[in-house]
Amino acid sequence: MSDSISILFQPMNRMVAVNPGTVVLDAIREAGIQFEAICGGKGFCGKCRVIRVSGEVTFEGTVCANSLTPDERRKGYCLACHAKVWTDAVFTIPIESRIDTPQVLLDITGTIGKIHPSVQKFLVEKVATGPMAVLGPSVRFTGYSGIRPVMTEEQRTLVNNSAGLVTGVISFTEGTSRLIALEEGDTTGTLFGVAIDLGTTTIAGLLTDLITGEVICRASTLNRQITLGEELVTRIAIGRREEGRVELKAAALGSVNEVIRKVTRDAGISDQDINDICISGNTVMTWLFAGIDPTPLEYVDAEISHVPLILTAGSCGVNAPRELPVFCLPAVSRFVGGDAIANVLTSGMHKNEEISIIIDLGTNGEIVLGNRDWLVSTSCASGPAFEGAGMRSGMRAMKGAIDAVKIDNDCHVTVRVIGDTKPKGICGSGIIAAAAAMAGAGILDFSGKLNDDVPGVRYGESGKDESELEFLLVPSQNTATGKDIVITGEDMAYLMDSKAAVLAAITVLLHKFRVRPGDIRHVFLAGALGSFGDIEHLTSFGVLPEFPRADFHRIGNGSLAGAYACLLSSDARIEAAEVAKRMGYIDLLVDNDFIEEYWAALRIPGKEELFPKRFGTWKG
């Protein structure tokens, strides 16, 4: 770029060349910096803060002025999404805008019966033409029996020209068998597979020994799509355009390949030693990874195939042998995808005669209700509040995040911080804990609004309006950012919206199938909030009903566990397809009952029938 300008980002010491007039957020993406941009650059979230050190910058509209305090503006803060840079410049990315190493859930539960992967290895023999030549002229596999594997002429030539032992890797996928790779020597003693949880925010993976079932190593990374936008609807909008779709696919693929690079490096093997890959993700993430136009997913009548999507490593760009199949767990609907199917496989609810419910809370909440005879699901846009996003002091679950809060009767606050360091903000489990504690201490009223006559509650810088009330959790002198960590009135309105959406979604499912909370015998909590969130806090604040007779089970990363199951067992893949085919779906966007239940859930904790112990109506 002959007329380009240079932008230096500190403290990363990362420099990038861009055209004059480039939006700072685009320059940050170009530099490959993991950065908070929850709304995808629309100016809604106010999280993409940078500090201008030098350089000519102009601002679009009044977004920066409205999102920043006067003190922040004096210090040079601006929003990267609405700032254009025209000359060589230097920016500091403040600590609250950086995405540090997140706390990613890599724990899996569930049991695998017989290990029977969809890929096997056989020594290759060169034989004369005749009845013993299973594959036709010149080639057969020692110990192989079954339908004739598909083999290319190129593969046949490689075998015929080989001077020593050769091992063939055969995949049994889509009702057929195919030779997917040839390896020099006798490698029949090793068989490697990778299971991937393709999450909206993070991507986690396991490298597995497909002979023993042992998990060899684990790795995770942030989904690089997050700098383009946190929410699924934002990514769908970006994916309407071909160039946006290409960018989203490249971001997801880069993240998946990063996980593969980490696990193969830690195990001391090559990515060409991988023999099978299984991916579990929601419908939007799976389509974007495959490069499919997500536009149909905007409509309630979108036609969704319940058949697993099977790609090849070569066609989608995964770092593995080109012909290796990449198995993606099947979807149920536009917002209930392979990750929900994986949760069902992990829980085993589809085999149990007792009624169970799976609750997986994240940016997109997914709920599955049923037993071995019937299954029904729904999803709700719970928003990123449960992951710490969209809140004044919210952040991801990583070092420096408050993940637990206690408040005594005198409104004295005690917090726990990930990494046992000074806090930078508060993550999802901490926000739920804080809300429950604030409600219990009388800091919040029944509608989730802050009471202005309680110690610790004050008005913010902008004025005396009720919406400007905030509760001080940690004063600036005790934080890593030098800023107060607070829960604001706007934060609570956002959180109440998210909690009401989840509780209403659960209630709609229960009512439609005439199931009472006391009829539920097993509650399976999946995902990070399900693993780290306190059940008492989730119920006392009213995110979940009480389920008085149920046993609660934390299934960890159920999506990853389900992908692992499908990696080790071809029977699990058949199960996944069967579950997807028979699972019903309630689309809340066109359900009249949802609005009524949503309004009822906008109080703490919610309707009396859902909280019989709290209201003293439980008969036991």
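Of the helices (runs of 4 or more DSSP H) lying entirely inside region 528-617, the ones with 2 or more residues being touching a strand residue (DSSP E or B) at 6+ places or on another chain (Cβ under 8 Å), among the charged types (D, E, K, R) and over 19 Å from GLY518 (Cα atoms) are found at 570-582. Listed by first and then second residue, the pairs with beta-carbon distance under 6 Å, at least 6 apart or on different chains, first residue in region 13-36 and farther than 24 Å from MET398 by Cβ, second open to solvent by 50 Å² or more (accessible area, probe 1.4 Å), are VAL16/GLU30; ALA17/MET1; PRO20/TRP86; GLY21/LYS84; VAL23/LYS84.
Exactly one residue out of ILE279, ILE357 is within 25 Å of PHE547 (Cβ to Cβ) and either modelled with pLDDT under 95 or assigned to a strand (DSSP E or B) (or both): that is ILE357.
Considering only region 337-358, I want to know if a residue exists there that is touching a Phe, Trp or Tyr at 6+ places or on another chain (Cβ under 7 Å), of a type in the set (Gly, Ala, Ser), open to solvent by less than 10 Å² (accessible area, probe 1.4 Å) and touching a residue at least 12 places away in the same chain (Cβ under 8 Å). Taking every residue of region 337-358 in turn, at least one turns out to be touching a Phe, Trp or Tyr at 6+ places or on another chain (Cβ under 7 Å), of a type in the set (Gly, Ala, Ser), open to solvent by less than 10 Å² (accessible area, probe 1.4 Å) and touching a residue at least 12 places away in the same chain (Cβ under 8 Å).
Given GLY146, GLY164, which one is at positive phi, in a loop (DSSP other than H, G, I, E, B) and modelled with pLDDT of 80 or more? After ruling out the rest, the residue left standing is GLY146. State which residue is surrounded by the fewest Cβ atoms within 10 Å (Cβ to Cβ) when the search covers only region 29-59 and only residues that are outside any strand (DSSP E or B) and modelled with pLDDT of 90 or more. Selected residue: GLU56. For region 360-382, taking the residues that are of a type outside the set (S, T, N, Q) and in contact with a Phe, Trp or Tyr (Cβ under 7 Å, 6 or more places away or on another chain), the one that is surrounded by the fewest Cβ atoms within 10 Å (Cβ to Cβ) is identified as VAL376. Among the residues here, ARG334 does not qualify as in a loop (DSSP other than H, G, I, E, B), basic (Lys, Arg) and farther than 27 Å from LEU375 by Cα. Is it the case that region 70-89 has a residue that's surrounded by fewer than 18 Cβ atoms within 10 Å (Cβ to Cβ) and under 22 Å from GLY388 (Cα atoms)? Checked region 70-89: at least one residue is surrounded by fewer than 18 Cβ atoms within 10 Å (Cβ to Cβ) and under 22 Å from GLY388 (Cα atoms). Across region 525-537, the number of residues qualifying as in contact with a helix residue (DSSP H, G or I) (Cβ under 6 Å, 6 or more places away or on another chain) and open to solvent by less than 20 Å² (accessible area, probe 1.4 Å) comes to 3. Hey, among the residues in region 528-578 that are farther than 26 Å from VAL194 by Cα and among the charged types (D, E, K, R), which one's modelled with the lowest pLDDT? Among them, the one singled out is ASP534. Screening LEU369 with (1) over 20 Å from VAL502 (Cα atoms); (2) more than 19 Å from the chain's Cα centre (by Cα) gives one miss only, at (1).
What is the residue count in region 32-62 for residues that are closer than 17 Å to LEU79 by Cβ and under 29 Å from the mean Cα position of the chain (by Cα)? The qualifying residues number 17.
Cβ-Cβ distances below 7 Å connect the following pairs, each with a first residue in region 487-503 that is in contact (Cβ under 8 Å) with a residue 60 or more places away in the chain, a second residue that is crowded, with 23+ Cβ neighbours inside 10 Å and of a type in the set (Val, Ile, Thr), and a separation of six or more residues or different chains: LEU495/ILE431; LYS499/VAL543; VAL502/VAL543; LEU503/VAL543.
Of all the criteria given as (1) in contact with a Phe, Trp or Tyr (Cβ under 9 Å, 6 or more places away or on another chain); (2) in a loop (DSSP other than H, G, I, E, B); (3) farther than 29 Å from GLU596 by Cβ, the one not satisfied by GLY390 is (3).
Within region 399-413, restricting attention to residues that are touching a residue at least 40 places away in the same chain (Cβ under 8 Å) and not in a loop (DSSP other than H, G, I, E, B), which residue is farthest from the chain's Cα centre (by Cα)? Among those that are touching a residue at least 40 places away in the same chain (Cβ under 8 Å) and not in a loop (DSSP other than H, G, I, E, B), it is VAL413.
Taken over region 300-315, the criterion of being open to solvent by 70 Å² or more (accessible area, probe 1.4 Å) and either free of Cβ contacts under 8 Å to residues at least 12 places away in the same chain or in contact with a Gly (Cβ under 7 Å, 6 or more places away or on another chain) (or both) is satisfied by ASP301, GLU303, SER315.
Here region 247-294 is the region considered, the condition is being farther than 26 Å from LEU182 by Cβ and of a type in the set (Lys, Arg), and the residue that is surrounded by the most Cβ atoms within 10 Å (Cβ to Cβ) is LYS249. Of the candidates LEU191, LEU182, LEU210, the single residue that is over 30 Å from GLY558 (Cβ atoms) and either touching a residue at least 12 places away in the same chain (Cβ under 8 Å) or open to solvent by less than 20 Å² (accessible area, probe 1.4 Å) (or both) is LEU182.
When the criteria are applied in full, ILE170 fails the requirement of being farther than 17 Å from SER118 by Cα, among the hydrophobic types (A, V, I, L, M, F, W, C), in a strand (DSSP E or B) and open to solvent by less than 50 Å² (accessible area, probe 1.4 Å).
The values are calculated or read from the model by the stated rules, or taken from the named source; none is laboratory data. Just so it is clear, the model here is predicted, and its values are computed rather than measured. Virtual Cβ from ideal backbone geometry, glycine too; neighbours counted across all protein chains shown. To get the accessible areas, we keep the full protein, side chains included, count just its heavy atoms, and leave off ligands, DNA and RNA. Shrake-Rupley method; radii C 1.70, N 1.55, O 1.52, S 1.80 Å.
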